[in-house]
Amino acid sequence: MLHTSIEPRLPKPGLNGIMRSIIAACAILVLLIGTADAEQCPPGALGVSRTLVVDPNEHSRVGSMQYPETLPLNDHEVVLTFDDGPLPRYTSRVLETLASECVKATFFMVGQMARAYPWMVRRVYDEGHTIANHTQNHPIRKMSVTQAAREIEEGFASLREAIGDPQAVSPFFRIPGLLRQKSVEQYLAAHGDMTWSADFLADDWTRINNSEVARRAISRIEARGKGILLLHDIHPRTVLALPEILNELKSRGYKIVHVVPAAADRPKTATSAQQWVVHSTPEQHTSPSQNAP
């Protein structure tokens, strides 16, 4: 009844009317998206200063703790990385903190964790972070190349299955415990994967409180002035320390850089060879051989 009484009053839409309606709808959608972004990124948020696009085939190993090259960052630029997740109880809170400051990070995930919580992997990816591999089972021991290859490839497979898109997983890899092996690094390089160490740790896997995690992170960042920070998204102390770390970085004028791999539609960032070379700093960071993360 209602439909019948109203329909005769409606003008018959022509092509121009339809096009105008589509354009108006798109404009409203863009406006709504912009409003949502503005709400999610309040004035004063730390944000991402730039995206660094890297080619693993040109630079296969990064991190001054163990390698002669690290990411080509400018002074006061930091890359955030998280290992060992996802673990929903804590990873979700890490994501909330990062989102509150509009910050992006790289998550080195364990394959068995990805299989247990595939929806968490998808959430991390959907929120714009880089998904990277941290083996299938996180073995803290030296391995043969065959054993390592199995851990590496199963880890990548678990992440790709969790997201449902092979292209969504970066060719970035971090060895558990930073227990580097030349043969494993060679295997990774031969398969186009970039091995990540770090430039500084926060010791958040040890029995220290969240304030000490934040203090160590900031003091080591300040000592070097830039670099890759290694954290873990599976510990409550890290969840509690992260807001303080981000606030301190912001107040001290640091910028966050998001790292992604080069692709056919995403050319690498132009850099010079010298920018990748590690330069020594007055304060040395904790050795991975002393305390394996």
Residue 51 to residue 126: extension gain in nm, 0.36 nm per residue of separation minus the Cα-Cα distance? 25.3 nm
Just to check I understand the Karplus step: with θ = phi - 60° and J = 6.51 cos²θ - 1.76 cosθ + 1.60, what whole-Hz values come out for the range 240-252, glycine and proline as x? 6, 7, 4, x, 5, 4, 5, 4, 5, 4, 5, 5, 9
Compute the distance from the alpha-carbon center of the range 194-219 to that of the range 144-172, in whole Å. 26
Taking 0.36 nm per residue of separation between residue 58 and residue 92 and subtracting their Cα-Cα distance, the length gained on full extension comes to 8.8 nm
For a quick check of your reading of the filter: which trypsin sites (Lys or Arg not before Pro) in the range 151-245 sit in a DSSP loop and have no more than 13 other Cβ atoms within 10 Å? 207
Suppose every K and R has +1 on its Cβ and every D and E has -1 on its Cβ; what is the size of the dipole of the range 44-276 about the Cα centre, in Debye to the nearest 20? 360
Going through 142/182; 104/255; 104/250; 226/250; 182/255 one by one, the pairs whose alpha carbons sit over 21 Å apart turn out to be 182/255
Taking 269-275, 50-56 and ranking on average Cβ neighbours within 10 Å, highest first, one gets 50-56, 269-275
Hz values of 3J(HN,Hα) by residue in the range 178-193 - Karplus curve (6.51, -1.76, 1.60), Gly and Pro given as x: 6, 7, 5, 9, 4, 5, 6, 4, 5, 4, 4, 4, 5, 9, x, 9
Treat each spin label as a single point 7 Å out from the Cα along the C-beta direction, and report the residue 265 to residue 112 distance in nm. 3.7
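Values quoted throughout were computed directly from the atomic coordinates according to the rules given, and no laboratory measurement underlies them. What you see is a predicted model, and the numbers here were worked out from it, not measured in a lab. Virtual Cβ from ideal backbone geometry, glycine too; neighbours counted across all protein chains shown.
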